[in-house]
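Chemist: I'd like to ask you about the structure that follows.
The values are calculated or read from the model by the stated rules, or taken from the named source; none is laboratory data. Here the structure is a predicted model, which means the values were calculated and not measured. A quick note on method: Cβ atoms are made from the backbone with ideal geometry, for glycine too, and the neighbour counts reach across all protein chains shown.
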Amino acid sequence: MFAKLRSKVSHEPTATASSPSSSTDSTTPISEKSSASISKDSSLVYIPFTAPSSESHIPKEKELTDEQKEKYLTVLHHFQEPNLKIAISEETHKHHQKTKELTDGEKSWLTRECFLRYLRATKWDEKEAIDRIELTLSWRREFGVNEPFDNQNLVNGDLVSPENETGKEVILGFDNDARPCLYLKPGRQNTKTSERQVQHLVYMLEKVIDYMPSGQDSLALLIDFKAHPVGTQSGKIPPVGIGRQVLHILQTHYPERLSKNSDSWLG
């Protein structure tokens, strides 16, 4: 179902930063020091894939009908309005309160592919698509993922890094349709239930989107239920409330993103 993962594997060990006061012999080359302490298996991949293999092919986009083109232009022209203002949260969106203009980062998120995804999700109802896009913009502001650069957002690598110390969410490889793959490994759970777990998932979704090649705007989601007991809290099953929150986020704010799902694909 999925293409085998391929990459040029670097056998050069990764150098780790050390303080100036390190007691390691400074006359020994870095590569020799690392080789002495790191044993690598040549059959394993140590470098993330940055692009799909030559055997992956992005499906050709279906040509829009004249009616669909008109609906797309309606959405486009709405968001090109120079005085357009968007609410700062989902709640204020409902009441059209506390609005502010779009930032450059938010404008860069409003791509042709974005408009088409929301139009498809709303069965080409342009008014509903516009409302859903505005709602997502409001949510992104409130949640903290509305800007393109990590250090500009509330939800960033520093915030969620403790959640991924056991590698319970991994971005690696592409499928046959050049969709980047996001692996969820609940058996590697290492933290207690909290809002940060939701922030971590959203952060990883945003990052896997960055790997999407031009012409592809969906991802392959794979869930591995294999147990991984060392250093984990496998018994900490997220409560129903967290599950509903995640489902709401995926359905409402990431429409048409999850194209494939292969539960327990890793055995």
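Chemist: Check whether at least one residue in the range 181-189 is within 30 Å of Leu44 (Cα to Cα), part of a loop (DSSP other than H, G, I, E, B) and of a type outside the set (Gly, Ala, Ser), and report yes or no.
Modeler: yes
Chemist: In the range 184-193, is there at least one residue being out of contact with any Phe, Trp or Tyr (no Cβ under 8 Å at 6 or more places or on another chain), closer than 22 Å to Ala51 by Cβ and outside the structural domain of Ile88 (by TED's automatic domain parsing)?
Modeler: no
Chemist: Could you please give the count of residues in the range 51-66 that are free of Cβ contacts under 8 Å to residues at least 40 places away in the same chain and of a type in the set (Asp, Glu)?
Modeler: 2
Chemist: Any residue in the range 60-82 that is of a type in the set (S, T, N, Q), at pLDDT below 95 and over 15 Å from Thr136 (Cα atoms)?
Modeler: No: zero hits.
Chemist: Pro162 is checked against (1) modelled with pLDDT under 95; (2) surrounded by fewer than 16 Cβ atoms within 10 Å (Cβ to Cβ) and fails just one. What number does that condition carry?
Modeler: Just one mismatch for Pro162, condition (1).
Chemist: Additional query: Test Leu172 against the stated conditions and say whether it is closer than 30 Å to Val45 by Cβ, surrounded by 16 or more Cβ atoms within 10 Å (Cβ to Cβ) and of a type in the set (A, V, I, L, M, F, W, C).
Modeler: Yes.
Chemist: Looking at Ser218, Ser214 in this structure, which one is of a type in the set (S, T, N, Q), crowded, with 17+ Cβ neighbours inside 10 Å and either touching a His at 6+ places or on another chain (Cβ under 6 Å) or closer than 24 Å to Ala121 by Cα (or both)?
Modeler: Sole residue among the options that is of a type in the set (S, T, N, Q), crowded, with 17+ Cβ neighbours inside 10 Å and either touching a His at 6+ places or on another chain (Cβ under 6 Å) or closer than 24 Å to Ala121 by Cα (or both): Ser218.
Chemist: How many residues are small (Gly, Ala, Ser), over 30 Å from Lys100 (Cα atoms) and touching a Phe, Trp or Tyr at 6+ places or on another chain (Cβ under 8 Å) when one looks only at the range 146-178?
Modeler: Looking only at that region, the number is 1.
Chemist: For the range 125-140, state whether one or more residues are among the acidic types (Asp, Glu), under 21 Å from the mean Cα position of the chain (by Cα) and surrounded by 14 or more Cβ atoms within 10 Å (Cβ to Cβ).
Modeler: Yes, the range 125-140 contains at least one residue that is among the acidic types (Asp, Glu), under 21 Å from the mean Cα position of the chain (by Cα) and surrounded by 14 or more Cβ atoms within 10 Å (Cβ to Cβ).
Chemist: List, please: which pairs have Cβ atoms under 9 Å, are six or more places apart or on different chains, and start with a residue in the range 128-151 that is free of Cβ contacts under 8 Å to residues at least 40 places away in the same chain and end with one that is among the aromatic types (Phe, Trp, Tyr)?
Modeler: Glu128/Tyr118; Asp150/Tyr203
Chemist: Here's a follow-up. Can Arg196 be described as of a type in the set (D, E, K, R) and assigned by TED's automatic domain parsing to the domain that holds Thr99?
Modeler: No; evaluated as a whole, the condition is false for this residue.
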